[in-house]
Amino acid sequence: MPYYRSVGDIPRKRHTQFRQPDGSLYAEELMGQEGFSSDSSLLYHRHLPTAIVAAEEHDPPAWTRTANRPLKPRHLRTHKLDSGGADPVLGRQPLLANDDVRISYVVADRPSPLYRNAIGDECVYVESGTARIESTFGSLDVASGDYVLIPTSVIHRIVPTSDLVRLLSIEATGHIGPPKRYLSVRGQFLEHSPYCERDVRGPDTPLLVEGTDVEVYVQHRRGWTRYVYAHHPFDVVGWDGHLYPWAFSIHDFEPITGRVHQPPPVHQTFQGPNFVICSFVPRKVDYHPLAIPVPYNHHNVDSDEMLFYTGGNYEARRGSGIEQGSISLHPAGFTHGPQPGAPDRAIGVDYFDELAVMVDTFRPLDLCAPALSCEDTGYAWTWAGRTTG
């Protein structure tokens with residue numbers, strides 16, 4: 001994250017003696033990205049963060065990827081998936097994936113185990129409900145509309161605090177953060193950015209939990225491992241740095257508008273390795289006297305476009321079957337745009353009440369089994385109103 005935070009008790013100088021009340025040393029842990037040449041944080045543990053007493057391979061539920069063939073637009077109805085409840089990590093149902101990112105959906109009603117993603121950062125979007133993100137850095141309370149950015153290898157768990165919480169998870173193979181064009185060379189949000197440091201929430205107090213022989217599930221580049229730690233990893237009395245879990249509400253995204261319809265990059269919120277995440281929020285729309293507020297037909301020749309509809313009324317999609325919780329996939333190689341009649345209906349409209357999360361990937365997205373199980377197979381033909389079969 002591009003700004004510094006200090007939480008709890010830390011010594012005045014880094015890498016110097018910092019003693020516990022009994023005279024023993026606190027154990028330092030430096031977490032750093034890109035070979036300690038980028039963002040980092042320094043944590044102070046009561047116990048050694050390296051002390052494990054067991055390790056065994058873990059086999060999560062198998063999942064597969066199927067190429068989008070024949071190439072066509074897809075409509076997934078996530079609310080048709082099993083909503084009997086699961087945990088927010090091991091219960092994720094993968095929908096779309098490529099070698100850079102995996103997008104999953106889960107309806108959770110119980111806490112996840114302690115978990116560490118050692119492959120890349122995660123961005124978790126809260127569609128509905130509330131939850132608490134507990135980690136070695138502290139805790140964050142999140143609610144509908146919140147994005148949660150969890151850096152690579154942070155031990156954490158997700159605890160629903162409502163009966164059910166619906167989450168869209170975006171798991172990267174690298175790091176996710178604000179677009180570089182929003183930041184100064186020193187990492188400050190610039191004035192043209194649609195959000196800033198005041199909109200970002202991070203842990204503000206240590207989370208101290210006692211316990212021994214504590215299980216932690218680790219997803220890594222060669223599979224999964226279940227560790228047993230000698231002491232609970234939530235034993236950090238203080239930390240400082242630029243690397244930590246943080247939350248940002250889509251409701252704090254300030255839309256960028258113009259006299260005529262603006263292209264998708266104005267909605268960009270985060271960037272990851274070979275993908276971007278965008279936010280479509282309620283906003284005043286185009287004010288040229290001859291403007292057509294809905295999108296023009298467009299073809300992003302380098303990207304697949306996934307859009308998760310999470311609130312309001314999405315005017316451009318009226319008549320297509322899109323509903324709350326829908327996901328549309330418009331692949332590179334296909335020109336897409338508003339549904340028939342939408343441009344005429346939009347003329348004279350000055351405000352759109354819509355909420356959606358978009359992921360554009362620069363490599364093709366494959367379909368996973370849960371996606372195929374909730375697909376609206378008639379979506380591709382809704383622009384023409386018919387198919388030849």
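The values are calculated or read from the model by the stated rules, or taken from the named source; none is laboratory data. Because the structure is a prediction, the values reported are computed rather than measured. Please note: Cβ atoms are built from the backbone with ideal geometry, for glycine as well, and neighbour counts cover all protein chains shown. Accessible surface is based on the protein model in full, side chains and every heavy atom, while ligands, DNA and RNA are left aside. Shrake-Rupley method; radii C 1.70, N 1.55, O 1.52, S 1.80 Å.
Fully extending the segment from ASP204 to ARG363, taken as 0.36 nm per residue of separation minus the present Cα-Cα distance, adds 53.5 nm.
Listed by chain and number, the lysines whose C-alpha is less than 27 Å from the C-alpha of LYS284, apart from same-chain residues fewer than 8 away, are LYS180. Only one residue of LEU76, GLY129, THR50 has its Cα farthest out toward the positive end of the dipole of the chain, where Lys and Arg carry +1 and Asp and Glu -1 on Cβ, and that residue is LEU76. One quarter of the surface of the convex hull around the alpha-carbon atoms of the chain equals 20.4 nm², the direction-averaged projected area. Using a 1.4 Å probe on the protein chains only, how many percent of the accessible area of the chain belongs to carbon and sulfur? Solvent-exposed carbon and sulfur of the chain make up 49 percent of the total. Here's the picture: a label point sits 7 Å out from the Cα of THR64 along the beta-carbon direction, and within segment 85-102 the residues with their amide nitrogen under 17 Å of it are 94-98.
Relative contact order for segment 286-389: 37 percent, from Cα pairs under 8 Å spaced at least 6 residues apart, divided by residue count. Candidates GLY138, PHE275, PHE248 compared by Cα position along the dipole of the chain: farthest toward the positive end lies PHE275, with charges placed on Cβ.
Determine which lysines satisfy two conditions relative to LYS80: a Cα distance under 17 Å, and not lying fewer than 8 residues away in the same chain. Excluding near neighbours in sequence, the set is empty. Ordering GLN93, ALA384, VAL266 by Cα displacement along the dipole of the chain toward the positive end leaves ALA384 in first place; charges were set at the Cβ atoms of Lys, Arg (+1) and Asp, Glu (-1).
Would you mind computing the Rg to Rh ratio of segment 250-389 from its alpha-carbon coordinates, Kirkwood style for Rh? Expressed as Rg/Rh, it is 0.95. Cα centroids of segment 22-59 and segment 200-248: 9 Å apart. Dipole magnitude for segment 26-134: computed about the Cα centre from +1 point charges on Lys and Arg Cβ and -1 point charges on Asp and Glu Cβ, it is near 760 debye. Per residue, the accessible area of the chain comes to 45 Å² when a 1.4 Å probe rolls over the protein heavy atoms.
Computed about its Cα centre, the charge dipole of the chain is approximately 680 debye, with only Lys, Arg, Asp and Glu carrying charge at their Cβ.
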